[in-house]
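Only one structure is covered here, and it is reproduced in the block below.
Every read-out reported here was derived from the displayed coordinates using simple, explicitly stated rules and does not represent laboratory data. Keep in mind that this is a model prediction, so the values were computed, not measured. With ideal geometry, Cβ positions are generated from the backbone for all residues, glycine too; neighbour counts draw on all protein chains shown.
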Amino acid sequence: MADFTTDLSTTEFSTSTLFDVETYPLNQPDSDAYGIMLEQAITGLDTVSCAQLPNFIRPEIVEAMQREAAELADGAVFHEANLNPYFSNPPEDTPEDHPLNRFSPRRHGMVRGDKFARDGVIWAVFQNPDLCRFVAQALWYEKLYTYRDPYACTNVNVQPDGCEFAWHFDNNDFTVSFGLKQSDRGGDLEYVPNLRSRENENYDAVKQVLDGDRTNLRTLKLRPGDLQLFRGGYTLHRVTAPQGSERQSLLLSYVTNPTDITTSDKAIRIWGEAHPDHFARDEQLAQSG
Ligand SMILES: O=C(O)CCC(=O)C(=O)O
Ligand SMILES: [Fe+2]
């Protein structure tokens, strides 16, 4: 059997240094305990689109991640926008109360991926191969790769006191996040599992939730060190406004295609500027098209 720790044990941040491997044996994929951990995550994702693994990161590592994020939070790119749940512009003649026409303010910051030190603890968590393999298995992917987009690869979401992250579906099929900072009140992830599918937007059900129906709504509070795997592409969700302090979460992006990277126009729309790698991607697409 391969020794999964050999390569990593020479680095400062091995799997067992970063994660609570006594509870979550990430580095022993052939063990029964790993199978049970994986089964629980799969069950959560397959039934309610979400799996929460509390205290996944070791406490001293959480502290180091919080320090790193705190130093970078001031430099986060702040977005202020009025968005519908789909981040789209509705066609003309869309009825006023249709979900496509329901706009809510969103204000939050994102720390760009290139800001994280490549020898730092947050980058080590993102690049950890045991975590990447586990995420892929839990979400039924044969293999996932860490996203190489220089800005969107990994981000800290900085959600100021009083700022709700309003109801939406993610552009990505799934999200992997860690809690970094949480407020006592508010800052809850509220979600309604499986509200739409590839075939059916299910606008009537979306409208009911936007109108305040909480029938199938679930709530989760992501605390520092918790791991959350979430199918946010099909699950309507929001993060309620943190009350009394800021909320921060770490978002990790994985992709099925290792060469995947965004184009310069999209990068500029999201981040206000583009990286040379984004322009290189434009050229590549122009040549292949
Ligand atoms: O901060 C989070 O936990 C997730 C926020 C969110 O829904 C998103 O980034 O799409
Ligand atoms: Fe989201």
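Summary of computed values
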quantity	calculated
Near-label residues of the stretch 159-175 by backbone N, under 16 Å of a point 7 Å along Cα→Cβ of PHE87	165-175
Two-decimal log10 I(q)/I(0) for the chain, as the Debye equation yields it once each C-alpha is a single scatterer, q = 0.14 Å⁻¹	-1.12
Crossing angle, helix 32-48 versus the chain [Cα axis fit, 0-90 degrees, rounded to tens]	0
Cα→Cβ-extended label distance, 7 Å offset, between THR259 and ASP170, nm	2.5
Highest-fluctuation residue, ASP93, ASP130, ASP149 considered, GNM on the chain with Cα pairs under 10 Å	ASP93
Angle in degrees between helix 129-138 and the longest Cα principal axis of the chain, rounded to the nearest 10	50
Residue-averaged 222 nm ellipticity for the chain, from DSSP H runs of 4+ at -39500 (n - 2.57), nearest 500	-8500 deg cm²/dmol
Kirkwood estimate for the stretch 116-225, i.e. one over the average of 1/r between Cα atoms, Å	16.7
The stretch 1-156: Rg to Rh, with Rh as the Kirkwood radius over Cα pairs	1.06
The chain: angle of helix 59-73 to the longest principal axis, Cα-based, in degrees nearest 10	50
Choice from TYR34, TYR86, TYR141 showing the highest fluctuation, given a GNM over the chain with Cα pairs closer than 10 Å	TYR141
The chain: Lys pairs at Cα distance under 30 angstrom, eight or more positions apart or on different chains	10
GluC sites (Glu not before Pro) restricted to DSSP loop in the stretch 190-285 with at most 14 other C-beta within 10 Å	GLU199, GLU273
Computed lengthening from THR23 to SER288, 0.36 nm per intervening residue step minus Cα-Cα distance	90.6 nm
Unit charges on C-beta of K, R, D, E only; dipole of the chain, Debye	340
Estimated FRET transfer efficiency (GLU39, TYR145; beta-carbon r; R0 35 Å; 0.05)	0.90
Max mean-square fluctuation residue, GNM over the chain, Cα-Cα springs under 10 Å, options ASN257, ASN128, ASN216	ASN216
Sequence-separation-based contact order of the stretch 6-258, relative, with Cα cut under 8 Å and 6+ spacing, percent	26
